[in-house]
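These notes concern the structure reproduced below.
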């Protein structure tokens, strides 16, 4: 299977490449340092799987890239590699089109198992996160009904929120997400309404609290 690795740390990319290329059924065809480069490499190589880090500052985040890649290249499976063991990230990466979610602290054997599971059409969730996911769906008929308004944000609103908090203009956000300025304005308005925020300082505080600015 052809694999692309997207991570902002060169040592991490090199380490994963060594592990994967040692496997008879895996070949790393390219590596990327941020989400935009990851998208471009997927377009060029059309890999079977991309290992996607969520946090790749200062470049485009893995969350944004995941949505774009899933939409434009649905045949490429996306396996998220991250340090975040938070339920909220799990929900949103799955909604964005990811087929799996593995913590960077997981042993090599788990990563290899996750890659093969995803390649065979399955979904891989780190065991501790899977328990949380099941608990949420058992507890609620629809996890969107939970009290935390973050979970009712759409995939696009989750993409817009950190960019707005970082201070990007509506035009800059529109260019990054390939949408119109009016659409950005509409998303920002709905974000503020859903989260019950009154101004940008409150938006920044919220984004920091949710770790979105780590992206």
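No value in this document is a laboratory result; all are computed from the given coordinates. Quick caveat: nothing in here was measured; it's all calculated off a predicted structure. We place every Cβ from the backbone using ideal geometry, glycine too, and count neighbours over all the protein chains shown.
Order the peptides 22-31, 65-74 from the highest to the lowest mean number of other Cβ atoms within 10 Å of their residues. Please report the intermediate quantities before stating the final value.
Details: 22-31: 14.7, 65-74: 19.5.
Descending mean neighbour count gives 65-74, 22-31.
Annotation for residue 18 and residue 179: the two label points, set 7 Å from Cα along the Cα-Cβ direction, are 4.2 nm apart.
Exposure proxy check: 92, 45 ranked by fewest other beta carbons within 10 Å? Provide the component values of the computation, followed by the final result.
Values: 92 22, 45 15.
Arranged by neighbour count, lowest to highest, 92, 45 become 45, 92.
On the beta carbon distance between residue 211 and residue 72, with R0 = 25 Å, the FRET formula returns roughly 0.40.
In degrees from 0 to 90, rounded to the nearest 10, what is the angle of the helix 155-166 Cα long axis to the longest principal axis of the chain? Once rounded, the angle reads 70 degrees. Expressed as a rounded percentage, what relative contact order does the stretch 1-52 have, with Cα pairs under 8 Å and six or more residues apart? Normalised by residue count, the contact order of the stretch 1-52 is 53 percent. For the chain, the relative contact order works out to 15 percent when only alpha carbon pairs closer than 8 Å and six or more residues apart are counted. In a fully extended conformation the segment linking residue 194 and residue 166 would gain 8.2 nm over its present Cα-Cα distance, using 0.36 nm per residue. Please give the helix 181-195 orientation as an angle from the longest Cα principal axis of the chain, in degrees from 0 to 90, rounded to the nearest 10. Taking the Cα atoms of the chain, the angle to 181-195 is about 80 degrees.
Net length available on complete extension from residue 109 to residue 95 is 2.4 nm, with 0.36 nm assigned per residue and the Cα-Cα distance removed.
Under the criterion of Cα pairs below 8 Å and six or more residues apart, the relative contact order for the stretch 147-214 equals 37 percent. For the stretch 147-214, dividing the convex hull volume of the Cα atoms by the residue count gives 79 Å³ per residue. Size check on the stretch 2-139: the Cα extents along the three principal axes, sorted descending, read 43, 29, 26 Å. Placing a pseudo-label 7 Å from each Cα along the Cα-to-Cβ vector at residue 29 and residue 43 gives an inter-label distance of 1.6 nm. Relative to the longest principal Cα axis of the chain, at what angle does helix 200-209 sit, 0 to 90 degrees, rounded to 10? For 200-209 against the chain, the angle is about 40 degrees. If you plug the beta carbon distance of residue 11 and residue 202 into 1/(1 + (r/R0)^6) with R0 = 30 Å, you get a FRET efficiency near 0.20.
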